[in-house]
Structure formats: C-alpha cells, structure tokens
Amino acid sequence: MGPTNVRGRPPIPLTRNLTSRPKQSELFPPRSGTPSDLAKFAIEIALSKQGKSNRVLTQTITREMLRPQMPRVEEIALGNEQHRDRMGLGFFLGDETRPDLFGHIGDDEGFQAMLIMFGDSGQGAAIMANSEYGIMLGDFVCEEIAKEYGWKGYVPSDRPHAQQLT
C-alpha cells in the first residue's frame, strides 16, 4: 500500500493532464490532501508556467490562471497594505513588484491552510493546521522561512494577528 493523504486516499496524481473534468476524488481542495500534496501542486503550476511541465495543467491554462483578473483585492492573503494582492483564477497573485508570486489561504471549520509560491525561484511553503489559528501560524512560519532562506520579494503580513506569536 502506497502513501495516503489525511483522508486515507492516495495522493492526488500529478501525472494526469486535466483536459477533461476530473473525478471528485481527484479534485484538489487543500482539506483533502497534505501539505506535501499542496507543495507538489504549486511546484507543478510553477513549472507549467515556465513551459517545463504539463503534468497538471497546460502552459496556456496555467498562464491564464496566473494572469491578473482583478488588479487589486481587498482581502490580504500574500501581501500587506503596501503590497496589495491581485487575483488570478483560483490564486491570489503578488503585486506588480512581485509578479511571480502566487498562492492561496483558506479555511474550514477547525482547519486553516496557506500556500505561498515564488514561481520563478521555486521558493515557497504549504502550511496546514487543524486549528482556527492556522493562518496566524502560517504567517509566522512563512516569515521565518523567508528570513532563513532569503526569499527575495517576500513581505511580511500586517494582518492584526501576524505578530502575536513573536
């Protein structure tokens, strides 16, 4: 028996090109996978954008998903007040000073997750927590990772809760 995700199912296959509607078991909401599944998904999206892989989505679809559809969103997911996020299709995107940044934050009752990925450099993190404080934890962890690994273009969140763990 191979690896399984948190629901006991096999991880989402990264060898399938989604040219047809996926089966329900293949959909990728963060709550049905692991942080490793989410990180692999982000890596494949970054590679697809660069034309180096199409195991998940074609380069054309990926580029459309990562093209700003809304120039500025009110919710802060990846940036802060000075670096407001833009919105692609399914992803928050970095502002004009960080055009290779994409990711998402999300929550469900008792669960929160965060994905941040600098597509050009391959630097990023996927964080999931069985807690109502997962985004707060994610902000703290991402800031520490960014400092340790010298992420260029990373800006710390200024969400009110972001500094409560320091």
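The values are calculated or read from the model by the stated rules, or taken from the named source; none is laboratory data. Not measured: the values here are computed from a predicted model. Cβ sites come from the backbone with ideal geometry, for glycine too, and all protein chains shown count toward neighbours.
Here is how the numbers come out for the structure above:
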item	result
Residue in the range 107-127 that is farthest from the chain's Cα centre (by Cα), counting only those that are surrounded by 15 or more Cβ atoms within 10 Å (Cβ to Cβ), in a strand (DSSP E or B) and not aliphatic (A, V, I, L, M)	PHE111
Residue identified as of a type in the set (D, E, K, R), over 24 Å from MET70 (Cα atoms) and not in a strand (DSSP E or B) among GLU96, GLU132	GLU132
Qualifying residue in the range 62-76 (condition: in contact with a helix residue (DSSP H, G or I) (Cβ under 8 Å, 6 or more places away or on another chain) and surrounded by fewer than 16 Cβ atoms within 10 Å (Cβ to Cβ))	yes
Qualifying residue in the range 159-166 (condition: of a type in the set (Gly, Ala, Ser) and either modelled with pLDDT of 90 or more or closer than 24 Å to THR34 by Cβ (or both))	no
